[in-house]
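To start, the structure itself, in structure tokens.
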Amino acid sequence: MSATSEGESSDDATDGGEPTRTTTHRPGDDVVHPDGANRSFGWRGDVLLVVLFLSLIVAPVLVYLRPPAIEWRVRLLILPMLPGLLLALVAVWATTRP
């Protein structure tokens with residue numbers, strides 16, 4: 001007889017009936033506490049702030065000040081979309097670590 005009930009497989013249960021858990025930490029690995037890690041943005045944060053300023057200040061002013069000769073689709077859809085896409089790409093790039 002097995003220690004598991006009919007519906008469970010023997011791989012999913014331990015003596016207490018809970019699923020087994022695996023870990024990637026091995027004794028001897030250097031583990032850094034999050035408070036001790038280098039969490040500064042550095043120059044990536046500076047680039048992110050410039051793109052944020054471009055997206056939130058410059059693009060809306062451009063939309064407002066462009067002459068009416070520009071088609072409304074370009075002025076109201078494309079001009080705000082380009083800095084928004086740039087902001088999304090730079091935000092992902094700035095927050096990922098190599």
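The values are calculated or read from the model by the stated rules, or taken from the named source; none is laboratory data. In this text, all values refer to a predicted model and were calculated from it rather than measured experimentally. No Cβ is skipped: glycine too gets one built from the backbone with ideal geometry, and neighbour counts run over all protein chains shown.
If you go through the range 31-56 and pick out every residue that is at pLDDT below 80 and of a type in the set (Val, Ile, Thr), you end up with 2.
Scanning the range 72-98 for residues that are small (Gly, Ala, Ser) and without any contact (Cβ under 8 Å) to a residue 24 or more places away in the chain turns up just one, Ala88. Among residues of the range 51-71 that are over 22 Å from Thr95 (Cβ atoms), those with a beta-carbon under 6 Å from a residue that is surrounded by 13 or more Cβ atoms within 10 Å (Cβ to Cβ) at least six positions away or on a different chain give the pairs Leu62/Leu79; Val63/Arg75; Val63/Leu79; Arg66/Arg75.
Within the range 57-76, restricting attention to residues that are surrounded by 12 or more Cβ atoms within 10 Å (Cβ to Cβ) and modelled with pLDDT under 85, the residue that is farthest from the chain's Cα centre (by Cα) is Ile70.
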